[in-house]
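The values are calculated or read from the model by the stated rules, or taken from the named source; none is laboratory data. These numbers were taken from a predicted model, which means no experiment stands behind them. All Cβ positions, glycine included, derive from the backbone under ideal geometry; neighbour counts span all protein chains shown. In case anyone asks, the SASA skips ligands and DNA or RNA and just uses the protein heavy atoms, side chains included. Shrake-Rupley method; radii C 1.70, N 1.55, O 1.52, S 1.80 Å.
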Amino acid sequence: MRRTLFENLTTRPLTEPLPPPDQASLAELAQSVNRAARARLGRSLAVRHVDAGSCNGCELELHALSNAFYDLERLGLRFVASPRHADVLTVTGPVTKNMREALLRTYDAMPDPKWVIAIGACARDGGLFSGSYAIVGGVSDVVPVDLHIDGCPPSPRSLLKGLLALIEHQIRRAS
Ligand code: SF4
């Protein structure tokens, strides 16, 4: 015990160094998302999230968009509690049998225009969990998917880039 205490006092914690802050390019990316959303919708983007059965790794990255480092609400992007207020539905994890109905109802409750983003390898085709008795499959087996963002889990920056690509694509289709 005394030895452990001494070691803890004299050695540095084993953590990875923080990546260098790149707030300028991050803010630029987020502003592009906001501009694109305003061009397509006339207002900023509202996102409803459904965890359809993930390990929560993807949620950690998604929630990071709202933390003090990314703080995307200051640039317009916001998560909403009701699907009736949402433009984008983000879904993580394989779709479990227990969550299939909830995912369908969430999708049905969203007003048009609406888009679905499947986040992470599991959301594409079940990933690590494919073949499990408890899952239905990937998100596209239950609701139409407009964009897959790969990764296990994808980083917050990849999530932002995916959102931007999706909205810009919708603007091009609408014009
Ligand atoms: S893609 Fe990876 S991090 Fe995301 S739910 Fe699946 S196992 Fe977890």
| message | Using only the alpha-carbon atoms, how far is helix 156-174 inclined from the longest principal axis of the chain? Give it as 0 to 90 degrees, nearest 10. | response | 10 degrees
| task | At a 1.4 Å probe radius, which order do Met99, Met1 fall into by accessible area, largest first? | result | Met1, Met99
| said: Could you work out [θ]222 nm for the chain from helices alone, using -39500 (n - 2.57) per DSSP H run of at least four and dividing by all its residues? Round to the nearest 500 deg cm²/dmol. | reply: -13000 deg cm²/dmol
| request: Find the relative contact order for the chain and round it to a whole percent, using C-alpha pairs within less than 8 Å whose residues are 6+ positions apart. | output: 23 percent
| remark: Taking every DSSP bridge whose two residues both lie in the chain, the antiparallel percent to the nearest 5 is 10 percent
| note | Charge tally for neighbours of Ala109 with beta carbon under 10 Å away, counting Lys, Arg as +1 and Asp, Glu as -1, is +3
| message | Need one number: the % of Cα-Cα pairs in the chain sitting beyond the 22 Å mark. | response | 48 percent
| Gain in length, Ala24 to Glu73, computed as 0.36 nm per residue apart minus the alpha-carbon separation, to one decimal in nm? | 16.1 nm
| Carbon/sulfur fraction of accessible area - the chain, other protein chains in place, 1.4 Å, % | 54 percent
| remark: Whole-Å distance linking the alpha carbon centroid of the range 113-165 with that of the range 1-15 is 41 Å
| Considering only protein heavy atoms, what per residue accessible area in square angstrom results for the chain with a 1.4 angstrom probe? | 59 Å²
